[in-house]
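Below: the structure, in C-alpha cells.
The values are calculated or read from the model by the stated rules, or taken from the named source; none is laboratory data. Remember, predicted model here, so these are calculated numbers, not experimental data. Positions of Cβ are backbone-derived with ideal geometry, glycine not excepted, and every protein chain shown enters the neighbour counts.
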Amino acid sequence: MDWQSLRRVITDNDKEGRSRILIDGEAAKLIALEEAGLAEIWSADVDPDKLLDATDRLADADLRLEPDPGSVKVRWFTIAPEDKAKTAEELEAAAAFGFGAVGAAHCRVDTARHPSMHKTQSLDVIVLVKGAVDLLLDGSEAVGLKPGDVVIQRATNHGWVNRGEETALLVAVLIHAS
C-alpha cells in the first residue's frame, strides 16, 4: 500500500467566514505493518459549536481505534490478504498486537470466530474502496463485500478478513455512541 498517495483535504472558514483549505496533505497519524494499516484523516467534536474548531486533534494524540466520547473520527484502513501459511496461534498473536497498538485490546470481547473480531461503542460507516473483504459477525455467514459496498456497523462484534489476492482499502467514519 502506498500510504503517501492517500491525501486529506480539510476545509475551514477564515476570520471573515469565507471557506478555505485548512490542511492539504498526508494522514495525521499512520500505523502500518506491511500491507495492513490504519491512517487517521480527521477527528472532531459533534457539538455544533465546536464543528469548525481548526485544531488537528489527531496530530498530537495517540493513535486509538475508537473515537473519543462525543466525537467523530474519519480514517482509511487496509486489510492485507490473509496469510494461509500462518497458524491460528500466529494469527491470534498478530491480531492481539495490532489491537494493542491502537489501544483497543479491550474491544476484543469474543474472538472465537476469528482473531480480527472486535466490538466498539461506535456507529461506523465503512466504505470498501478497493479490493474485496468478508465481514464476519457472530451468528451468520461471512458477508462478501466489493468496491462501493457500504457497511453500517452498529456497535456489534465483527471482524474483517481478506481472502483475496489484493490489499483492500476502506474508508471509515466512526461516531462514538455516547
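Assessment of region 57-75 against the conditions (of a type in the set (Gly, Ala, Ser) and modelled with pLDDT of 90 or more) yields no matching residue.
In summary, residue 121 fulfils each of the numbered conditions (1) out of contact with any Ser or Thr (no Cβ under 9 Å at 6 or more places or on another chain); (2) surrounded by fewer than 17 Cβ atoms within 10 Å (Cβ to Cβ); (3) farther than 21 Å from residue 166 by Cα; (4) of a type outside the set (Val, Ile, Thr) with the single exception of condition (1). Filtered by the rule that a residue be among the charged types (D, E, K, R), assigned to a loop (DSSP other than H, G, I, E, B) and either at pLDDT 85 or above or touching a Ser or Thr at 6+ places or on another chain (Cβ under 9 Å) (or both), region 1-31 gives 7, 14, 15, 16, 18, 26.
Tell me which residues, restricted to region 120-142, are modelled with pLDDT of 95 or more and either among the polar types (S, T, N, Q) or not in a strand (DSSP E or B) (or both). 131, 132 - these are the residues of region 120-142 that are modelled with pLDDT of 95 or more and either among the polar types (S, T, N, Q) or not in a strand (DSSP E or B) (or both). Considering only residues of region 151-178 that are outside any strand (DSSP E or B) and of a type in the set (A, V, I, L, M), which is modelled with the lowest pLDDT? Only one residue fits best here, namely 177. Taken together, 60, 56 contain a single residue that is in contact (Cβ under 8 Å) with a residue 12 or more places away in the chain and either part of a loop (DSSP other than H, G, I, E, B) or crowded, with 19+ Cβ neighbours inside 10 Å (or both), which is 56.
Here residue 44 meets each of (1) part of a loop (DSSP other than H, G, I, E, B); (2) touching a Ser or Thr at 6+ places or on another chain (Cβ under 8 Å) with one exception, condition (1). Of all the criteria given as (1) of a type in the set (A, V, I, L, M); (2) touching a Lys or Arg at 6+ places or on another chain (Cβ under 9 Å); (3) under 17 Å from residue 113 (Cα atoms), the one not satisfied by residue 143 is (2).
May I ask you to verify whether residue 148 is of a type outside the set (S, T, N, Q), at pLDDT 90 or above, surrounded by fewer than 17 Cβ atoms within 10 Å (Cβ to Cβ) and part of a loop (DSSP other than H, G, I, E, B)? Yes; evaluated as a whole, the condition is true for this residue.
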